[in-house]
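In what follows, a single structure is set out as structure tokens and then discussed.
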């Protein structure tokens with residue numbers, strides 16, 4: 001479960017910026033093609049924040065959709081799963097969105 005390591009890295013990064021300030025809200029972007037399971041991330045977040053200034057903080061996760069661009073026909077289209085196939089049938093597809101994994105914002109008391 002790599003979500004535990006990701007949660008710990010996010011918490012460490014937030015603590016490095018906020019110090020001892022009580023964090024009330026943490027908003028993350030976790031793209032649908034990032035390979036991270038949001039529910040597992042939520043579970044792990046609750047574990048790693050215990051005893052820190054993030055304990056009790058709300059975690060909001062936005063899930064930007066996957067996006068692709070076909071190099072053959074030039075179409076831009078949505079991707080819900082990491083199967084890189086354009087509606088035209090081409091597999092020459094570039095992922096242009098949905099791999100995000102970033103801290104969008106932090107609110108402190």
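Remarks
- Every test in (1) modelled with pLDDT under 95; (2) surrounded by 13 or more Cβ atoms within 10 Å (Cβ to Cβ) is passed by residue 19 save one, and that test is (2).
- Positions within region 1-16 being out of contact with any helix residue (DSSP H, G or I) (no Cβ under 7 Å at 6 or more places or on another chain), surrounded by 14 or more Cβ atoms within 10 Å (Cβ to Cβ) and within 19 Å of residue 100 (Cβ to Cβ), in sequence order: 10, 14
- For region 41-109, the strands (runs of 3 or more DSSP E) that sit wholly inside it and include 3 or more residues that are free of Cβ contacts under 8 Å to residues at least 24 places away in the same chain are 76-79.
- Hits in region 48-76 - residues which are crowded, with 16+ Cβ neighbours inside 10 Å, over 20 Å from the mean Cα position of the chain (by Cα) and more than 30 Å from residue 14 (Cα to Cα): 69, 70
- Scanning region 22-40 for residues that are surrounded by fewer than 15 Cβ atoms within 10 Å (Cβ to Cβ) and in a helix (DSSP H, G or I) turns up just one, 39.
The values are calculated or read from the model by the stated rules, or taken from the named source; none is laboratory data. Because the structure is a prediction, the values reported are computed rather than measured. Ideal geometry is used to build each Cβ from the backbone, glycine not excepted, and the neighbour counts take in all protein chains shown.
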